[in-house]
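To start, the structure itself, in structure tokens.
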Amino acid sequence: AWLLRDADGERRQPHGGDPAAVLPALGASLRGGARLKVVLGDGWLRYLVLRWPAGVRTAEERQAFMLHRFRTVHDIAAPDWAFAADRDAVRFPSLACAAPAALITAINMLGRAPGVRLGEVVGDFVDRYNRLQRSFDEAAGTLGALAILDGERLTAGVWRDGAWLAVRSRAVGADAMGDLARMLEGWHTEHAPAGEGTLYACGIAPAALPGWRIVRTEER
């Protein structure tokens, strides 16, 4: 369901598996002058970290490389999907995201409804990272990681000195803790075998993980 939060509280708009179809009805319920921030559940999205090759310089080359990586890793492509990366820097890893194009089109149409101003459109993992970033506290050169469990969707990413190293988002069952432990074990072995990382955990409470200091963040 869509969850609408405003001054009147919270309202739910079930979508039956087609979130784009019910957006017109949701828009009709918005008060005039509303500025809308849209946060999309990670289950609708695909993430990856882009490490730009040395020869990639122009915006067109970056776009082509991003589409190539999404096709290779997730087997998705335009026009069915819409793509975005978090920055244009060529030599700095970018966190990239893909969303169903029909859903993005419907959100943009909602933003053109009378009295509605469309603001940020962001994935849940990125939104949570942006809101928590100032509270992160890890020593220079060490790993930081954020893990979010939302129902049966686990999304986790790892970085060092502000540069993204990896991100994964997957459906999980009863062993979400085991899935997270395996992710973090692999990242620690690859990126910091001799040091300790800091894990910021939302909606999941691992008791202890070798090589990681665990910090509980706000509940979902």
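For the range 100-107, indicate whether the set of residues that are open to solvent by 30 Å² or more (accessible area, probe 1.4 Å) and without any contact (Cβ under 8 Å) to a residue 24 or more places away in the chain is non-empty. The answer is yes; a qualifying residue exists. The strands (runs of 3 or more DSSP E) found wholly in the range 1-88 and carrying at least 3 residues that are among the aliphatic types (A, V, I, L, M) occupy 34-40, 46-50, 81-85. It is to be established whether one or more residues within the range 173-187 are within 15 Å of the chain's Cα centre (by Cα), modelled with pLDDT of 90 or more and open to solvent by 30 Å² or more (accessible area, probe 1.4 Å). No, the range 173-187 contains no residue that is within 15 Å of the chain's Cα centre (by Cα), modelled with pLDDT of 90 or more and open to solvent by 30 Å² or more (accessible area, probe 1.4 Å).
Which residue, of 20, 54, 7, 25, is in contact with a helix residue (DSSP H, G or I) (Cβ under 6 Å, 6 or more places away or on another chain) and over 19 Å from residue 95 (Cβ atoms)? Criteria check complete, one pass: 20. The residue of the range 4-28 that is modelled with the highest pLDDT, among those that are open to solvent by 50 Å² or more (accessible area, probe 1.4 Å) and more than 27 Å from residue 148 (Cα to Cα), is 21.
Cβ-Cβ distances below 8 Å connect no pair with a first residue in the range 1-23 that is in contact (Cβ under 8 Å) with a residue 60 or more places away in the chain and basic (Lys, Arg), a second residue that is part of a loop (DSSP other than H, G, I, E, B) and open to solvent by 50 Å² or more (accessible area, probe 1.4 Å), and a separation of six or more residues or different chains.
Hey, can you tell me all the residues within the range 188-220 that are open to solvent by 30 Å² or more (accessible area, probe 1.4 Å), under 25 Å from residue 69 (Cβ atoms) and touching a Leu at 6+ places or on another chain (Cβ under 7 Å)?
191
Consider residue 35 carefully, then state whether it is open to solvent by 60 Å² or more (accessible area, probe 1.4 Å) and either out of contact with any Leu (no Cβ under 7 Å at 6 or more places or on another chain) or over 28 Å from residue 151 (Cα atoms) (or both). For residue 35, the condition - open to solvent by 60 Å² or more (accessible area, probe 1.4 Å) and either out of contact with any Leu (no Cβ under 7 Å at 6 or more places or on another chain) or over 28 Å from residue 151 (Cα atoms) (or both) - is met.
Restricting attention to the range 128-143, does a residue exist that is in contact with a helix residue (DSSP H, G or I) (Cβ under 6 Å, 6 or more places away or on another chain), closer than 30 Å to residue 36 by Cβ and crowded, with 18+ Cβ neighbours inside 10 Å? There is no residue in the range 128-143 that is in contact with a helix residue (DSSP H, G or I) (Cβ under 6 Å, 6 or more places away or on another chain), closer than 30 Å to residue 36 by Cβ and crowded, with 18+ Cβ neighbours inside 10 Å.
The values are calculated or read from the model by the stated rules, or taken from the named source; none is laboratory data. A quick note: this is a predicted structure, and the numbers were derived from the prediction, not measured. All Cβ positions, glycine included, derive from the backbone under ideal geometry; neighbour counts span all protein chains shown. Protein only, heavy atoms only, side chains kept; ligands, DNA and RNA dropped before computing areas. Shrake-Rupley method; radii C 1.70, N 1.55, O 1.52, S 1.80 Å.
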